[in-house]
Amino acid sequence: MNSTTIITIAIAVLAVLGLGVVLTASRRSDMGGVGVLSRETRKRDRDAKKSSRNARRDVEAEASASRSTAVAVIQPVEIEPWVLPDREAVDESRRAFLNRATVTLMSASLGGFAAALIAFLWKGADGGFGSKINAGKLEEVVGKIRANKGFLYLPEARSWVTEYPKEAISKADVIYAGQAPVFSGMSSGIVALYQKCPHLGCRVPECKTSQWFECPCHGSQYNRVGEKKGGPAPRGMDRFGVSVNNGMVVIDTGTVFGGPPIGTNTTGQEAEGPHCVGGTGGH
């Protein structure tokens, strides 16, 4: 390698080193300026914190000075001596309590009874059992009786409705003369019988085979129009008044008419088949 090349390389190296020195000095100058600004900012922050601490100490000092160090003293409570209560006064209070309790219970009982009575009467007034029940058109009622093999049960009226033969009206006029509403229904061809057995109040069902009413409780038997045929019942089945207005059948369940006496047999109907309850009739 000749001297010219060496000199050229040396000059290039020196130029690079000089450029690095210049750049380093410039960067340090910039960093030095930033560093001075940061120190000023930190100094202001320290001064602000110091002022805040001083202000807090002043406030705490004022609060401590205003607080009282005196201890509150609770005044002693005077306890009154126990005195035995007056026995007469205690007995009087006990009697007053029992009297009030008795009156309250009696009032509640009477109020409940009155409410139940009003509810029962109100139900009778608005179309339930105990009022007049519209059973429908006469021809439709008769059609339902025949479709059910001689018997029609109306649960809203708690009654059985059956046909009354027109050829027996002359006999019925003698027996039921004092029960005009009942005889009115018979004249129209139907009779409404109360479902309860006159013996002990069991619900009496129909017997399709004998075509009678036969009570399963004690064996009382009645023909299709409710006249007694056998058993311990004291009379025939009780009945309701029936009216036919403009072709509509109305059953008045508000009044129960007593059944005919033992031995009444206006229709002459005998058992038409086997009995559903033991016995063959007879009084």
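The values are calculated or read from the model by the stated rules, or taken from the named source; none is laboratory data. Predicted model only: the values in this text are computed from it and were never measured. Neighbour counts run over all protein chains shown; Cβ positions are idealised from the backbone, glycine included.
Do the conditions hold for Ala157, that is, is it aliphatic (A, V, I, L, M), closer than 14 Å to Gly241 by Cβ and buried (at least 17 other Cβ atoms within 10 Å of the Cβ)? The answer is yes for Ala157.
Of the residues making up segment 251-283, those that are within 24 Å of Glu140 (Cα to Cα) and under 40 Å from the mean Cα position of the chain (by Cα) are Ile251, Asp252, Thr253, Gly254. Counting only residues that are assigned to a loop (DSSP other than H, G, I, E, B) and either within 15 Å of Thr266 (Cα to Cα) or touching a strand residue (DSSP E or B) at 6+ places or on another chain (Cβ under 8 Å) (or both), segment 174-197 holds 7 of them. Only residues that are surrounded by fewer than 24 Cβ atoms within 10 Å (Cβ to Cβ) and at positive phi were counted in segment 217-229, giving 1. Of the residues making up segment 264-271, none is more than 24 Å from Thr209 (Cβ to Cβ), small (Gly, Ala, Ser) and either at pLDDT below 95 or surrounded by fewer than 17 Cβ atoms within 10 Å (Cβ to Cβ) (or both).
There is at least one residue in segment 271-283 that is assigned to a loop (DSSP other than H, G, I, E, B) and among the hydroxyl-bearing types (Ser, Thr, Tyr). Restricting to segment 214-250, and then to whatever is among the hydrophobic types (A, V, I, L, M, F, W, C) and within 40 Å of the chain's Cα centre (by Cα), can you tell me which residue is farthest from Asn265 (Cα to Cα)? Of everything passing the filter in segment 214-250, Met248 is farthest from Asn265 (Cα to Cα).
The numbered conditions (1) under 40 Å from the mean Cα position of the chain (by Cα); (2) touching a residue at least 12 places away in the same chain (Cβ under 8 Å) are all true for Gly189 except (1).
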